[in-house]
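K.L.:
Have a look at this one before I ask anything.
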Amino acid sequence: MTGRRPSGVLFVLPALVLLVVFVFIPLVGVLGLSLTNLDLYSLANTANLHAIGAENYLHLLRDRRAWQALAATLAVVVVGVPATLVLSLISALMIESIAERWRGLFRTALFVPVVCSTVAIAIGWRYLLNTRFGLVNHLLRVLGLGAPNWLGNPHLAIIAITIVVVWKGFGYGMIIVAAARREIPEELYEAARIEGAGVRQRLLRITVPMLAPTLGLLALLDVSGYWQLFAEPYVLTRGGPLGSTTSLLLLMYDRGFLWWRWGAASAIAVVLTAMMWMFAWAQRHARADWRGE
Amino acid sequence: MATVEIEHVDKVRPGGQAVLHDVSCAARDGELLAVVGPSGCGKSTLLRLVAGLESVTVGVIRIGGCVVNDLPPQRRDVAMVFQSHALYPHMTVYENLAFGLRVRGTARRETDRRVRQVGARLGLEAMLERYPRELSGGQRQRTALGRAMLRDAAVFLLDEPLSSLDVPLRAEMRRELAELHRSLGTTMIYVTHDQSEALSLGQRMVVLAGGRVQQIDTPVDVYRRPANRFVAGFVGWPPMNFLRAESLADMVGAPAGEAGVEYGVRPECFAAQPGGPDDVQFTGRIERIESQGGEWYLELALRCGRVLVRLRLEQALTVGEPLRLWVRRADLHTFDATTGQRVESSGR
């Protein structure tokens, strides 16, 4: 950058002030809190407030529930993100290939979950997944596949949560991918057809690689979104059964606002943030693509 | 190697818009056929019909004697170079060249050998690992040509391949293209809106306008004997001057009854000295002068209208000065004023 001007500072100042007030200061605050034993008792009598060093973090390492929450969150990320990307890609390509007059209808239908309130959707899914009266189990019964207790079985609950999360999330990616697909010049496909590439080869050798930067960006957004999984398990299962759907964020919420142990909750928040940063950093360095970025 | 025959082809778009009307033309085996016309005349559509990217509404297209109307592009044995080059941006030059061979399942070693051979031939050896965005316009153009060469097709279809290049490069690539055609000996159909490109590259040219064929001939004949007023005005630069017959008839000595006739004279066909006894004489006043080094571009006000004149002349000229010029009778083109068709003058 050459010739920095003072006026440039003025332009970034408003955003900078907001960032400092609402991101950096809270971040430093949380980092500080995570090194204390701040809880309801120390709030009532500050004599009980101590700096306890890394005790909160050491405790997390020994905490079976913390590991369980990490595993549940990772499961949703590891299964949910690829599933979301694949669904976004397939739905986008299908939407782009259907007749124009139907396109808007399907696009809207698939996008609606994205803009709906998560709580409303979770409540809707709680009815759908109800063991006895739910539509899902009704259909499964019709097909002769039994009627599992989706939200009551520790193994199924996390799957149900993942399904809901992916269902709510993929419409956003679909819109982005569809827009990116429209940016690919038709001549590339025509050239490929003349050279003898069939439908599958055009998809795998042109469409997917051309969409790779977009899919990479979506993966980053999805990972950061799913990593902060909260509302779906909060409404659908309250983190149960047996803590099987307690995500890291839900665990933090429970520690902080259910049991009033803000020091311990802050430690979880710091760990969550650090992991997000590590992931974003890795993603950025893995993204040297043909656009020369 | 193959011929391409286009017979009575109509193309109507789904919306009902007719793009081509009864187009017939043929590229002979090994010929470079230039298709030229103003934008929107349907020339690109014609090429896409031959490529199989669009379907013919009425008519027949034959490549190498076989009707290809219902064949998909990959089975027509054609290669195409697009105006935008249509290089795959996510692939290196090497991968772009190898693409067709790979999708057709050519062995890896054979692919490598042929890609390197064509790369070397087009001077792209050092560029093989680069991405299209890292190439100059000419290098992109060569890559697109190389891709077509590796298709090993009987017919090359080129859709305005030079129009995305800047002017000096265009002249250079034009030479290279002509050279390539000579050495490959492949039938080529070359679409362009640039009449000078068609004149210099084409062995024969098809002039299209409004979706109809106006003339098919060698460039020399199209230039010397344009079939109608449109071709006369479109081919050749600066464009031909047109003069109403009524006012000119006395000078030209045409039959007086031929009022429904228009005359055309190319700017470069005026001479400062009479060349023969039946040359037509024009007298006018110089309205505007533009010097182009050794040449003069003059706007001459005649009694019957203004004409643009291109003249090689040693003597200095001044605006307002009267000037007398001669045109050979053979360089005076006659067109029917209502139909625009060429009228062969009895004087030739």
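No lab work stands behind these numbers, since they all come straight from the coordinates. From a predicted model like this one, the values you see are computed outputs, not experimental measurements. Cβ: placed from backbone, ideal geometry, glycine included. Neighbour counts: every protein chain shown.
K.L.:
Once the convex hull of the C-alpha atoms of the protein assembly as shown is built, how many Å³ does it hold per residue, rounded to a whole number?
P.N.:
On the way: hull volume 173.0 nm³, N = 641.
For the protein assembly as shown, the hull spanned by Cα atoms encloses 270 Å³ per residue.
K.L.:
Find out how many positive minus negative residues lie around B:PHE270, taking Lys and Arg as positive, Asp and Glu as negative, among other residues whose Cβ is under 11 Å from that of B:PHE270. Numbers along the way, then the final one.
P.N.:
Values: positive: B:ARG266, B:ARG310, B:ARG312, B:ARG324, B:ARG328; negative: B:GLU268, B:ASP279, B:ASP331.
Once positives and negatives cancel, what remains is +2.
K.L.:
Another question about this same structure. Give the order of A:HIS59, A:HIS155 when sorted by the count of other beta carbons within 10 angstrom, beginning with the fewest.
P.N.:
Values: A:HIS59 14, A:HIS155 9.
Least to most surrounded, the residues fall as A:HIS155, A:HIS59.
K.L.:
Under 5 Å between amide H atoms, partner at least 5 residues away or on a different chain: which partners does B:ASP10 have, H built in plane at 1.01 Å?
P.N.:
Those qualifying (amide H under 5 Å, at least 5 residues apart or on another chain) are B:ASP22, B:VAL23, B:THR57, B:VAL58, B:GLY59.
K.L.:
Provide, in order from the shortest bin, the percent of all Cα-Cα pairs of region B:87-154 in each 10 Å bin, continuing until the bin that contains the maximum pair distance.
P.N.:
Over region B:87-154, the share of Cα pairs per 10 Å bin runs 23, 60, 16, 0 percent.
K.L.:
Just going by the charge dipole of the protein assembly as shown, with Lys and Arg at +1 and Asp and Glu at -1 on Cβ, which of A:ILE159, B:VAL60, B:CYS269 is farthest out on the positive end?
P.N.:
It is A:ILE159.
K.L.:
Do you know the relative contact order of region B:22-171, to the nearest whole percent, from alpha carbon pairs under 8 angstrom that are 6+ apart?
P.N.:
Numbers: 165 pairs, mean separation 42.5, N = 150.
Normalised by residue count, the contact order of region B:22-171 is 28 percent.
K.L.:
Where does the protein assembly as shown land at 222 nm, in deg cm²/dmol rounded to the nearest 500, when only DSSP H runs of n ≥ 4 count, each adding -39500 (n - 2.57), divided by all residues?
P.N.:
Details: 24 runs with 297 residues, N = 641.
Here the helix-only value at 222 nm equals -14500 deg cm²/dmol.
K.L.:
Let me ask you something else. Can you find, among B:LEU87, B:MET205, B:CYS25, the residue farthest towards the positive end of the dipole of region B:4-230? Put +1 on the C-beta of Lys and Arg, -1 on that of Asp and Glu.
P.N.:
So the residue we want is B:LEU87.
K.L.:
Then there is this: Report the local net charge at B:GLU197: Lys and Arg +1, Asp and Glu -1, summed over other residues whose C-beta lies under 10 Å from its C-beta. Could the numbers behind the result be given before it?
P.N.:
On the way: positive: B:ARG170, B:ARG174; negative: B:GLU160, B:ASP194.
Once positives and negatives cancel, what remains is 0.
K.L.:
What FRET efficiency comes out for the pair B:ALA26/B:GLU295, r = Cβ-Cβ distance, R0 = 56 Å, nearest 0.05?
P.N.:
Numbers: r = 38 Å, r/R0 = 0.69.
For R0 = 56 Å, the calculated efficiency reads 0.90.
K.L.:
Now for a separate question. About its Cα centre, how strong a charge dipole does the protein assembly as shown have in debye, to the nearest 20, once Lys and Arg get +1 and Asp and Glu get -1 at the Cβ? Before the final figure, lay out the partial values.
P.N.:
Numbers: 68 positive and 57 negative charges, 425 e Å.
Its charge dipole is roughly 2040 debye.
K.L.:
Taking θ as phi - 60°, what are the ³J(HN,Hα) couplings along region B:222-228 by the Karplus curve (6.51, -1.76, 1.60), each to the nearest whole Hz, with x for Gly and Pro?
P.N.:
In residue order, the calculated couplings are 5, 5, 7, 10, x, 6, 8 Hz.
K.L.:
Further, regarding this structure: Please report Rg over Rh for region A:34-291, where both radii come from the alpha carbon positions and Rh follows the Kirkwood definition. Numbers along the way, then the final one.
P.N.:
On the way: Rg = 22.4 Å, Rh = 20.9 Å.
Using Cα coordinates only, the ratio equals 1.07.
K.L.:
So, one more: Could you tally the net charge around A:MET210, taking each other residue with its Cβ under 10 Å from the Cβ of A:MET210, Lys/Arg +1 and Asp/Glu -1? Could you put the intermediate results ahead of the total?
P.N.:
Numbers: positive: A:ARG181, A:ARG205; negative: A:GLU183.
With Lys, Arg at +1 and Asp, Glu at -1, the net is +1.
K.L.:
Related question: Name the residue from B:TYR131, B:ALA154, B:VAL9 whose Cα lies farthest towards the positive end of the charge dipole of chain B, charges +1 on Cβ of Lys and Arg and -1 on Cβ of Asp and Glu.
P.N.:
It is B:TYR131.
K.L.:
Over chain B, what number does the Rg to Rh ratio reach, with both radii from the alpha-carbon atoms and Rh per Kirkwood? Walk me through the numbers before you get to the answer.
P.N.:
Details: Rg = 24.1 Å, Rh = 22.6 Å.
Expressed as Rg/Rh, it is 1.06.
K.L.:
Given a 10 angstrom Cα cut-off, can you work out which residue in B:LEU313, B:LEU243, B:LEU47 is the most mobile in a GNM of chain B?
P.N.:
Of the options given, B:LEU313 has the highest mean-square fluctuation.
K.L.:
On to the next question. Can you give the charge dipole size of chain B about its Cα centre, rounded to the nearest 20 debye, using +1 on the beta carbon of Lys and Arg and -1 on the beta carbon of Asp and Glu? Present the calculation step by step, with values, prior to reporting the outcome.
P.N.:
Details: 44 positive and 42 negative charges, 206 e Å.
The calculation lands at about 980 debye.
K.L.:
Just to be sure I understand: with springs between alpha-carbon atoms less than 10 Å apart, which residue in A:ASN45, A:ASN153, A:ASN56 has the highest mean-square fluctuation in the Gaussian network model of chain A?
P.N.:
A:ASN45
K.L.:
Right, something else. Could you run the Karplus curve 6.51 cos²θ - 1.76 cosθ + 1.60 with θ = phi - 60° over region A:136-147 and give me ³J(HN,Hα) per residue in whole Hz, x for Gly and Pro?
P.N.:
Taking θ as phi minus 60°, the curve returns 4, 5, 4, 5, 4, 5, 4, 7, x, 10, x, 9 Hz for region A:136-147.
K.L.:
Per residue of A:195-202, count partner chain C-beta atoms within 10 Å of its C-beta, then hand back the mean as an integer.
P.N.:
Details: counts 15, 12, 6, 3, 0, 1, 4, 1.
Going residue by residue through A:195-202 and averaging, the value is 5.
K.L.:
Okay, moving on. For A:TRP125, A:TRP260, what ranking results if the residue with the fewest other Cβ atoms within 10 Å of its Cβ goes first? Mind showing how you got there, number by number?
P.N.:
On the way: A:TRP125 23, A:TRP260 15.
Arranged by neighbour count, lowest to highest, A:TRP125, A:TRP260 become A:TRP260, A:TRP125.
K.L.:
For the ranges A:181-188, B:182-189, what's the packing order if you count other beta-carbon atoms within 10 Å of each residue, average per peptide, and put the highest first?
P.N.:
On the way: A:181-188: 14.2, B:182-189: 17.9.
Ranked by mean Cβ neighbours within 10 Å, highest first: B:182-189, A:181-188.
K.L.:
Calculate how many DSSP beta bridges within region B:4-230 are antiparallel, expressed in % of all such bridges and rounded to the nearest 5.
P.N.:
On the way: 18 of 36 bridges.
About 50 percent, rounded to the nearest 5.
K.L.:
Next up: For the residues A:ILE176, A:ILE268, what sequence is obtained by ranking on other C-beta atoms within 10 Å, fewest first? If you can, show how the numbers build up before the last one.
P.N.:
Details: A:ILE176 17, A:ILE268 26.
In increasing order of surrounding Cβ atoms, one gets A:ILE176, A:ILE268.
K.L.:
Quickly rank A:163-174, B:48-59 as a protection proxy: mean count of other C-beta atoms within 10 Å, highest first. List each step's numbers first, then the result.
P.N.:
On the way: A:163-174: 23.0, B:48-59: 19.0.
Descending packing order for the listed peptides: A:163-174, B:48-59.
K.L.:
Tell me, in nm to one decimal, what length is gained between B:ASP10 and B:ARG75 on full extension, where the rule is 0.36 nm per residue of separation less the Cα-Cα distance?
P.N.:
Length difference between fully extended and current span is 21.2 nm.
K.L.:
Shifting gears a bit: With charges set only on the Cβ (+1 for Lys and Arg, -1 for Asp and Glu), what does the dipole of chain A come to about its Cα centre, in debye to the nearest 20? Numbers along the way, then the final one.
P.N.:
Numbers: 24 positive and 15 negative charges, 64 e Å.
The calculation lands at about 300 debye.
K.L.:
With θ set to phi - 60°, apply the Karplus curve 6.51 cos²θ - 1.76 cosθ + 1.60 along region B:282-298 and write out the HN-Hα couplings as whole Hz, x wherever there is a Gly or Pro.
P.N.:
Ordered by residue, 3J(HN,Hα) equals 10, 10, x, 10, 6, 9, 8, 10, 9, 9, 10, x, x, 10, 10, 9, 10 Hz.
K.L.:
Between the helical axis of A:208-227 and the dominant principal axis of chain A, each derived from Cα atoms, what acute angle in degrees is found, rounded to the nearest 10?
P.N.:
The angle comes out at about 20 degrees.
K.L.:
Moving on. Relative contact order for chain B using alpha-carbon pairs under 8 Å, separation at least 6, rounded to a whole percent? Show your work: numbers first, answer last.
P.N.:
Numbers: 708 pairs, mean separation 57.9, N = 348.
Dividing the mean separation by the residue count of chain B yields 17 percent.
K.L.:
Which GluC sites (Glu not before Pro) in region B:290-328 pass both tests, a DSSP loop state and at most 12 other beta-carbon atoms within 10 Å? Numbers along the way, then the final one.
P.N.:
On the way: sites: B:GLU290, B:GLU295, B:GLU299, B:GLU314; in loops: B:GLU314.
Answer by residue number: B:GLU314.
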